[in-house]
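J.: After the structure tokens below, expect a handful of questions from me.
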Amino acid sequence: MAAEQNPILEEHIASDYKYGFVSDIDTEFAPLGLNEDIVRFISDKKNEPEWMLEYRLKAYRYWLTLEEPKHWAHLDYPKIDFQAISYYAAPKKKATVGSLDEVDPELLKTFEKLGISLEEQKRLVGVESKIAVDAVIDSVSVKTTFKEVLAEKGIIFCSFSEAVQDHPELVRQYMGSVVPYTDNYYAALNSAVFSDGSFCYIPKGVRCPMELSTYFRINSAGTGQFERTLIIADEGAYVSYLEGCTAPQRDENQLHAAVVEIIAQRDGEVKYSTVQNWYPGDKEGKGGIYNFVTKRGICIGANSKISWTQVETGSAITWKYPSVILKGDNSVGEFYSVAVTNNMQQADTGTKMIHLGRNTRSTIISKGISAGFSNNSYRGLVRIAKGAKNARNFSQCDSLLMGDKCGAHTFPYIEINDKTGIVEHEATTSKIGEDQIFYCNQRGIDTEKAIGLIVNGYCREVLNQLPMEFAVEAQKLLSVSLEGSVG
Amino acid sequence: MSTATQAMTLKEQLLEKFETELPSLFGEAALRRSAAQQFEATGFPTRKWEDYKYINPDAVLKKGFGTRIAAFRDITAEDVAELSPVKDAYVFVIINGHFVPDLSFSGELPDGLTVESIADAVVSDPAAKAHYAELADSAADPFIAINTALADSGLFMHIAQDSVIERPVHFLHIATNEVSAFLQPRHLVVAETNAQAILIETFESIGPVRSFTNVLAEVVVADNAKLDHYRLQTENEAGHLLSTVQAHVSANALYNTYTFTTGGAFVRNNLNVEIAGEHAEAHLYGLYLPSGNSVVDNHTLVDHQVPNCMSNELYKGVMYDHSQAVFNGKIYVQRDAQKTNAFQNNKNILLSDDASINTKPQLEIYADDVKCSHGTSTGRMDEEALFYLRTRGIGEDNARKLLVNAFAEEVVNAVPHEELRNYIDTLIARRMGTV
């Protein structure tokens with residue numbers, strides 16, 4: 001089917017990035033480049049205790065010994081100049097947690113444009129359906145809403161910096177326990193220069209009454225964003241956590257290297273949902289965010305569960321493998337992903353499920369959609385260690401190709417060291433069948449709507465996993481990104 | 001062998017051998033020289049190489065393999081007869097990497113079929129000259145490079161245009177060494193337009209002394225030709241084998257490969273198939289049954305370069321004891337290869353707590369109007385099936401064998417040649433200990 005018959009495809013490929021505004025906020029920068037002084041500068045700015053600085057320096061020194069990884073991912077991008085990045089940018093007017101009035105009005109406008117008005121949040125206090133938001137702009141957590149309401153239940157939800165100050169024992173116990181700074185190149189970098197992020201602790205037996213959410217935005221030019229998120233669900237606790245990301249349009253590439261760690265104790269459950277819509281660059285592939293993220297959860301205790309759901313539509317380069325280490329017996333790991341690439345975008349994303357405990361189960365559902373000149377790869381690992389009796393995995397990776405200039409790839413790694421393990425993996429690559437469209441046409445549904453219908457159905461399995469509030473946003477994103485873009 | 005050479009690494013020995021023997025080797029010196037340089041630059045692959053992630057040829061080669069070749073024992077015509085799976089095949093014997101005409105078929109080959117020493121063919125035969133080292137790229141793999149640099153023997157098989165050869169051609173490889181040796185036979189198979197043939201390669205090792213065979217075969221299947229290519233790998237615990245097949249399939253041609261591995265301490269198969277002409281078709285079948293401490297690694301690449309082609313791949317494995325198996329299959333569909341149908345399936349059963357399987361089925365697709373899928377599953381024996389059989393009075397041991405046999409049969413049944421199929425059945429039965 002030729003592209004000219006397909007106005008929506010054209011329109012979408014030509015469409016501009018909706019969130020590409022720049023907020024005029026007075027910002028404080030660290031000088032460009034990275035050295036021990038910068039690490040000290042960041043630590044100093046945040047008034048951190050000695051142990052935190054030590055940790056950062058250890059990570060920095062380790063990072064220096066590493067080489068930028070390039071060889072294995074199905075990605076192609078120029079070498080990153082790590083000395084041309086500012087590792088710290090913060091809105092100058094110090095945002096305090098006390099009241100919204102002290103927040104820079106420009107900043108509030110930014111969030112309004114993003115559709116998560118903090119003002120509105122405040123007005124909504126006491127209303128049943130609500131989300132607590134921790135907003136991180138450039139590098140600094142600006143405002144955490146609903147903190148008091150959560151505190152009543154004993155839930156700690158605050159910025160990472162606050163947690164370092166107020167709950168050092170929890171941070172020290174858990175930080176780096178899932179993603180040590182030695183894990184990989186970008187995790188080491190993040191451990192050295194991370195500026196802020198969210199911290200969340202759900203005490204024993206508490207079911208978090210609302211969705212917790214973090215909104216990340218890179219605003220300033222020439223900066224990198226290095227946030228760090230740490231979520232701990234203690235015994236029998238439950239939390240659903242949402243993460244959203246946007247960035248303004250810029251010609252140069254910006255670096256985003258986050259680390260997310262999740263710990264689920266016995267009977268604990270964490271559901272982590274992401275809608276990632278960083279600026280993907282323009283049609284020629286100029287600009288856009290380099291998204292190099294390390295996300296990992298560990299089911300430490302028996303019967304615990306960690307579930308990752310992601311809708312990835314942004315970023316020039318995505319390099320991201322949300323993983324679960326299934327250590328506790330009977331623990332469960334899940335990964336649901338929709339990854340959309342268009343124009344010159346490249347994505348190499350997937351998951352790792354490491355089965356260590358007995359009777360552990362994991363499910364992987366990945367839906368890739370490539371359009372334009374993009375490349376979209378699924379890369380996933382399922383490992384069943386020796387002694388992980390009766391482990392079970394099911395993986396399904398489907399790819400849709402829209403147009404003949406894009407690529408869709410599947411690279412699963414399956415390592416089985418126990419005979420009682422059962423692992424199934426299926427992958428398909430196809431385009432939308434003309435017979436399917438014909439079937440819809442026959443019933444009076446025009447081609448565009450039919451494609452929307454089919455694509456929606458194609459992603460349903462994943463979208464259904466998203467919490468209500470997020471599903472709406474994700475569907476909107478997909479409707480812009482997908483509907484009609486099938487050739 | 002002096003103590004000095006024993007202290008040298010295999011890489012150094014091979015490069016030294018290259019310098020001394022280059023003048024006496026057949027073919028173009030420049031080609032060999034550049035391959036040797038390629039090899040010198042990289043050395044043997046280590047675990048850090050993505051393609052050798054799960055096995056470590058470097059460590060295997062450190063067990064000590066030399067370049068000196070001496071037979072452990074004489075091979076007789078009776079041995080050859082015994083090692084032939086098919087009675088009416090034209091048998092060509094390669095002992096320790098060297099073609100032995102005295103033990104090989106000496107009668108008259110049918111019209112259109114030529115099988116001769118590659119060293120002679122590269123000099124005298126225009127088809128051999130044209131295709132030699134055309135497909136195997138030394139830059140792609142160090143084992144290709146070192147074979148290209150040092151190959152001194154092997155076979156050239158040519159099927160002339162429009163010739164249909166009914167009886168199979170059998171390349172019988174025997175490794176039998178007095179000292180641990182690194183062997184490098186090299187073959188070239190050319191099936192011209194409309195030609196049809198069957199090629200069976202078997203790999204045997206005799207005696208307790210270690211050998212490492214780095215065999216390379218280039219296979220050209222011209223327009224509308226058909227080639228069935230079998231590899232039966234049944235070496236003993238002293239045998240190490242790395243078998244590379246580099247195939248090129250032209251328009252309307254059909255290339256079928258069958259790889260059966262029931263023995264050897266270390267087996268690595270690199271099977272690369274280029275689908276280069278429209279309406280070409282390739283079928284890849286594999287069955288591996290490693291036991292003891294053996295390692296079997298099957299790497300396949302099906303490269304779809306043109307539209308309207310079809311490939312199908314089925315590999316199955318049953319792992320015993322402490323064995324380790326790897327399956328790495330890639331379907332590569334190039335931008336122009338619209339209307340490709342490519343399928344891949346890999347299934348495994350682990351029969352021991354100490355066995356392991358690493359599987360990596362990959363799709364890399366750049367064309368949109370295609371149907372491609374892969375699937376892989378790994379599991380244990382179906383307990384319900386086992387129970388069913390036992391309720392009907394079949395002992396547990398036999399029931400298990402029955403189920404493994406049924407699992408393997410899917411691959412075996414794909415073999416069209418009846419005599420060969422029966423032979424493979426006995427190989428499997430021998431492996432399972434039912435014979």
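Just so you know, all these numbers are worked out from the coordinates, no wet-lab data involved. Small disclaimer: the values here were computed from a predicted structure and weren't measured. We place every Cβ from the backbone using ideal geometry, glycine too, and count neighbours over all the protein chains shown.
J.: Charges only on Cβ, +1 for Lys and Arg, -1 for Asp and Glu: so what's the dipole of chain B about the Cα centre, in debye to the nearest 20?
T.: Numbers: 34 positive and 58 negative charges, 253 e Å.
I would put it at about 1220 debye.
J.: Dimensions of region B:151-194 along principal axes (Cα, Å, largest first)?
T.: Here the Cα extents, ordered largest to smallest, are 45, 21, 9 Å.
J.: Taking each pair of distinct Cα atoms in region B:3-277 once, what is the resulting Kirkwood hydrodynamic radius in Å?
T.: By the Kirkwood definition, the hydrodynamic radius is 18.8 Å.
J.: Now for a separate question. Where does region A:256-346 land on Rg/Rh, using Cα atoms and the Kirkwood Rh?
T.: Values: Rg = 15.3 Å, Rh = 13.9 Å.
In region A:256-346, Rg relative to Rh is 1.10.
J.: Along the charge dipole of the protein assembly as shown, which of A:236, B:77, B:193 sits closest to the positive end, that is, farthest toward it, with unit charges on the beta carbon of Lys, Arg, Asp and Glu (+1, +1, -1, -1)?
T.: Checked the options; the winner is A:236.
J.: Say the dipole of the protein assembly as shown comes from +1 at the beta carbon of Lys and Arg and -1 at that of Asp and Glu; which of B:133, A:53, A:324 then lies farthest toward its positive end?
T.: A:53
J.: May I ask you to compute the full-extension gain from residue B:341 to residue B:41, defined as 0.36 nm times their residue separation minus their alpha-carbon distance, rounded to one decimal in nm? If you can, show how the numbers build up before the last one.
T.: On the way: separation 300, 0.36 × 300 = 108.00 nm, distance 3.85 nm.
Here the answer is 104.2 nm.
J.: Okay, next question. On average, how many beta carbons from a partner chain sit within 10 Å of the beta carbon of a residue in A:430-441?
T.: Details: counts 7, 5, 1, 1, 1, 0, 0, 0, 0, 0, 0, 0.
Mean shielding by partner chains, rounded to a whole number: 1.
J.: Continuing with the same structure: When a footprinting reagent is the concern and you count Cβ atoms within 10 Å, what order do A:175, B:310 take, fewest first? Kindly include the intermediate steps, with their values, before the conclusion.
T.: Values: A:175 24, B:310 18.
Ordered from fewest to most neighbouring Cβ atoms within 10 Å, A:175, B:310 come out as B:310, A:175.
J.: Would you please put A:54-65, B:352-363, B:103-114 in order of how densely packed they are, using the mean number of other Cβ atoms within 10 angstrom per residue and starting with the highest?
T.: Numbers: A:54-65: 16.8, B:352-363: 22.2, B:103-114: 13.3.
Packing order, densest peptide first, comes out as B:352-363, A:54-65, B:103-114.
J.: Please get the size of the charge dipole for region B:382-435, origin at its Cα centre, with Cβ charges of +1 on Lys and Arg and -1 on Asp and Glu, quoted in debye to the nearest 20.
T.: Roughly 200 debye for region B:382-435.
J.: Normalised by the residues of region B:106-159, what does the relative contact order come to in percent, with Cα pairs under 8 Å and at least six apart? Kindly include the intermediate steps, with their values, before the conclusion.
T.: Details: 45 pairs, mean separation 28.4, N = 54.
Worked out over region B:106-159, it gives 53 percent.
J.: Once region B:382-435 is represented by equal point scatterers at the alpha-carbon sites, with solvent omitted, what log10 I(q)/I(0) does the Debye formula produce at q = 0.18, 0.21, 0.25 Å⁻¹?
T.: The calculated log intensity ratios at q = 0.18, 0.21, 0.25 Å⁻¹ are -0.63, -0.78, -0.93.
J.: Now for a separate question. Please arrange B:192, B:134 by how many other C-beta atoms lie within 10 Å of their C-beta, fewest to most. Intermediate results must be reported in sequence, preceding the final value.
T.: Working: B:192 19, B:134 13.
Ranking B:192, B:134 by Cβ neighbours within 10 Å, fewest first, gives B:134, B:192.
J.: Taking the highest mean first, how do the peptides B:279-289, A:77-87 order by number of other beta carbon atoms within 10 angstrom per residue? Mind showing how you got there, number by number?
T.: Numbers: B:279-289: 22.9, A:77-87: 14.4.
Output ranking for B:279-289, A:77-87: B:279-289, A:77-87.
J.: Give me a single rounded figure for B:348-357: the average over its residues of other chain Cβ atoms within 10 Å of their Cβ.
T.: Values: counts 3, 1, 7, 1, 1, 7, 4, 4, 7, 8.
Rounded to a whole number, the mean comes out at 4.
J.: So which of B:53/B:371; A:283/B:53; A:367/A:389; A:389/B:63 end up more than 32 Å apart by C-alpha? Please list the in-between numbers first.
T.: Numbers: B:53/B:371 29 Å; A:283/B:53 37 Å; A:367/A:389 29 Å; A:389/B:63 34 Å.
Checking Cα-Cα distances, A:283/B:53; A:389/B:63 exceed 32 Å.
J.: So, by mean Cβ neighbours within 10 angstrom, what's the order for B:217-229, B:67-79 with the highest one leading? Show your work: numbers first, answer last.
T.: Working: B:217-229: 23.2, B:67-79: 14.5.
The densest-packed peptide leads the list: B:217-229, B:67-79.
J.: Among B:176, B:91, B:280, pick out the residue whose Cα is farthest towards the positive end of the charge dipole of the protein assembly as shown, where Lys and Arg carry +1 and Asp and Glu carry -1 on C-beta, about the Cα centre.
T.: In the protein assembly as shown, that residue is B:176.
J.: What order do you get for B:407, A:226, A:199 when you list them from fewest to most C-beta neighbours inside 10 Å? Working shown, then result.
T.: Details: B:407 18, A:226 25, A:199 28.
Ranking B:407, A:226, A:199 by Cβ neighbours within 10 Å, fewest first, gives B:407, A:226, A:199.
J.: Just need log10 I(q)/I(0) for the protein assembly as shown at q = 0.06 Å⁻¹, Debye formula, equal scatterers on the alpha-carbon atoms, no solvent, rounded to two decimals.
T.: -0.48
J.: Now for a different question. If you average the alpha carbon positions of region B:90-155 and of region B:157-223, how far apart do those two centres end up, in angstrom?
T.: What the calculation gives is 8 Å, centre to centre.
J.: Run the dipole for the protein assembly as shown about the Cα centre, Lys and Arg Cβ at +1, Asp and Glu Cβ at -1, nothing else charged, and hand back the magnitude in debye, nearest 20. Kindly include the intermediate steps, with their values, before the conclusion.
T.: Values: 85 positive and 122 negative charges, 523 e Å.
In debye, rounded to 20, the protein assembly as shown gives about 2520.
J.: Below 8 Å, C-alpha to C-alpha, sequence gap of six or more: please give me the relative contact order for region B:3-277 in percent. The partial results should precede the final answer.
T.: Values: 669 pairs, mean separation 44.7, N = 275.
It rounds to 16 percent for region B:3-277.
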